[in-house]
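K.L.:
Handing you this structure, nothing more for now.
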């Protein structure tokens, strides 16, 4: 008997149309600290944990971002993102896909680089409650993506082997983290990365969005 496939979903850009709101929120936070940074540079780091993103940006640009400033930036980002919560919408097919997996008794969880405050905004858009699903946030692990901690924690919470999990994500950081923990990465184009980038990072298959993925589940998933 083949092992049943379980699903670990990223949140921003994978289930909700929220990547560019994240970029805008980070831009607003950085501008408030007089840190000039082009939005395209910010976009390329969305999907990392906020702390790691700021360290990477500091290294790449030569900016000196102190730990105290990084903490302020993270809080300002969360506030700016919260102010845009009315713009956060489910991606096409996201709600239906999760409902279908539940009805077919396929296990799924959500693992996000964001903290619980921003995760709740996205979950509300999807009609989900924190206490009703398997959820792992950045608050639950020591390291964010591209380290695999989030996905390993999600597999433990579902009580399934990580090797039997599909990691569904929209960023190269999702695919790299999946590869590092021996999960199978499935890429979505809904976060702004292209097919080649996702495949080079380790994606087995790439689809447009949750709706497209739901139409091709037979290609990637073993049902009970």
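The values are calculated or read from the model by the stated rules, or taken from the named source; none is laboratory data. Given the structure is predicted, the values throughout are model-derived calculations rather than measurements. FYI the Cβ positions are ideal-geometry reconstructions off the backbone, even for glycines, and counts take in every protein chain you see.
K.L.:
Within the stretch 163-173, work out how many residues are surrounded by fewer than 21 Cβ atoms within 10 Å (Cβ to Cβ) and farther than 12 Å from residue 107 by Cα.
P.N.:
Looking only at the stretch 163-173, we keep the residues that are surrounded by fewer than 21 Cβ atoms within 10 Å (Cβ to Cβ), and these are 163-164.
Right, trim to farther than 12 Å from residue 107 by Cα and you get 163.
Residues meeting the conditions: 1.
K.L.:
Out of the residues in the stretch 138-162 meeting the condition of being outside any helix (DSSP H, G or I) and out of contact with any strand residue (DSSP E or B) (no Cβ under 8 Å at 6 or more places or on another chain), tell me which one is surrounded by the most Cβ atoms within 10 Å (Cβ to Cβ). Reasoning before the result, please.
P.N.:
The initial filter retains those residues of the stretch 138-162 that are outside any helix (DSSP H, G or I), namely 141-148, 159-161.
Those still in the list that are out of contact with any strand residue (DSSP E or B) (no Cβ under 8 Å at 6 or more places or on another chain) too: 141-143, 147-148, 159, 161.
Details: 141: 20, 142: 8, 143: 14, 147: 19, 148: 22, 159: 9, 161: 13.
Taking the candidates together, the pick is 148.
K.L.:
Suppose we filter 139, 170 for residues that are under 24 Å from residue 21 (Cα atoms), under 15 Å from the mean Cα position of the chain (by Cα) and modelled with pLDDT under 95; which single one remains? Write out each step before concluding.
P.N.:
Values: 170 fails: modelled with pLDDT under 95.
Among 139, 170, only 139 is under 24 Å from residue 21 (Cα atoms), under 15 Å from the mean Cα position of the chain (by Cα) and modelled with pLDDT under 95.
K.L.:
Do we have any residue at all in the stretch 176-188 that's assigned to a helix (DSSP H, G or I), in contact with a strand residue (DSSP E or B) (Cβ under 6 Å, 6 or more places away or on another chain) and surrounded by 24 or more Cβ atoms within 10 Å (Cβ to Cβ)? Reasoning before the result, please.
P.N.:
Pass one, the stretch 176-188, residues assigned to a helix (DSSP H, G or I): 176-180.
Retained after the next criterion (residues that are in contact with a strand residue (DSSP E or B) (Cβ under 6 Å, 6 or more places away or on another chain)): 178.
Retained after the next criterion (residues that are surrounded by 24 or more Cβ atoms within 10 Å (Cβ to Cβ)): 178.
Yes.
K.L.:
Ok, one more. Residues of the stretch 71-116 being surrounded by fewer than 16 Cβ atoms within 10 Å (Cβ to Cβ) and closer than 17 Å to residue 17 by Cα, which ones? If you could, list the steps in order and put the result at the bottom.
P.N.:
Pass one, the stretch 71-116, residues surrounded by fewer than 16 Cβ atoms within 10 Å (Cβ to Cβ): 71-72, 75, 79, 82-83, 85-87, 89, 96, 99-100, 102-105, 116.
Result: 82, 83, 85, 86, 87, 89, 96.
K.L.:
Residue 212 versus (1) in a helix (DSSP H, G or I); (2) under 19 Å from residue 49 (Cβ atoms): which is the lone unmet condition?
P.N.:
(2)
K.L.:
For the stretch 1-119, which fully contained helices (runs of 4 or more DSSP H) count at least 1 residues that are within 19 Å of residue 190 (Cα to Cα) and not assigned by TED's automatic domain parsing to the domain that holds residue 185? First the steps, then the outcome.
P.N.:
Working: elements: 19-32, 39-43, 50-61, 67-83, 94-103.
Ranges flagged: 19-32, 39-43, 67-83.
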